[in-house]
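The values are calculated or read from the model by the stated rules, or taken from the named source; none is laboratory data. Since we're looking at a predicted model, the values are computed, not measured. Methodologically, a virtual Cβ is constructed for each residue, glycine included, from the backbone with ideal geometry; neighbour enumeration extends over all protein chains shown. Protein only, heavy atoms only, side chains kept; ligands, DNA and RNA dropped before computing areas. Shrake-Rupley method; radii C 1.70, N 1.55, O 1.52, S 1.80 Å.
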Amino acid sequence: MTYAYDDQNVFARILRGEIPNDTVLETGMSLAFNDIAPQAPVHVLVIPKGPYVCYDHFAAEASDAEIVDFTRTIARVCEMKGLEDGFRMISNAGEHGVQEVPHLHVHILGGRVLGRMLAKG
Ligand code: AMP
């Protein structure tokens, strides 16, 4: 697979400090911030700082250090947000996945029973 990264996407602009974000946690390689349009009491987005379009791009091409940092950041967010009762993690990819922002992000959703699936208009 080949992946074309668009560095004008909104999360790239957040990473460059061009637009603000509501940071939950930042590490050297990852950023977690609250979703601007939360769909649950907890709705955090976790992104790598590197230019990866989607999860399969990241999984295939990111360094081991980036993958570990991203994964540990997800764990720390779950702990910080008190998600002991569970959560849902979603990563949309591409047209069929209805991905709106073409920079890898995982949604961490929790704070209520989410139902079997999430639907969006
Ligand atoms: P997706 O459909 O998986 O690409 O989800 C993109 C998510 O990014 C949506 O849940 C949006 O609400 C969220 N989003 C878009 N712009 C911002 C922003 N500036 N700050 C925080 N979240 C955003």
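In degrees between 0 and 90, to the nearest 10, how far off the longest principal axis of the chain does helix 64-80 point, with axes built from Cα atoms? It is inclined by approximately 20 degrees. Measure off, as a whole percent, the carbon and sulfur share of the 1.4 Å-probe accessible area of the stretch 18-59, all protein chains present. Ligands and nucleic acids excluded, carbon and sulfur reach 59 percent. Considering only C-alpha atoms, what is the centroid distance from the stretch 3-27 to the stretch 81-105, in Å? Cα centres, the stretch 3-27 to the stretch 81-105: 16 Å. Of the Cα atoms belonging to the stretch 1-52, the radius of gyration and Dmax stand at 11.8, 36 Å.
Packing-based ranking of 75-81, 61-67, 44-50, 107-113 yields 44-50, 107-113, 75-81, 61-67, ordered from highest to lowest mean Cβ neighbour count within 10 Å. Per residue, the chain exposes 60 Å² of solvent-accessible protein surface, assessed with a 1.4 angstrom probe and all protein chains in place. In order along the stretch 38-44, phi translates into HN-Hα couplings of x, 9, 7, x, 10, 8, 10 Hz, rounded to whole numbers, per the Karplus curve 6.51 cos²θ - 1.76 cosθ + 1.60 with θ = phi - 60° and x for Gly and Pro. Under the rule of -39500 (n - 2.57) per DSSP H run of 4 or more residues, summed and divided by the residues of the chain, what mean residue ellipticity at 222 nm is obtained, to the nearest 500 deg cm²/dmol? The helix contribution divided over the chain gives -7500 deg cm²/dmol. With the simple spin-label model, which puts each label point 7 Å out from Cα in the Cβ direction, the residue 98 to residue 112 separation comes to 1.8 nm.
Counting only Cα atoms, the chain measures 37, 31, 28 Å along its principal axes, largest extent leading.
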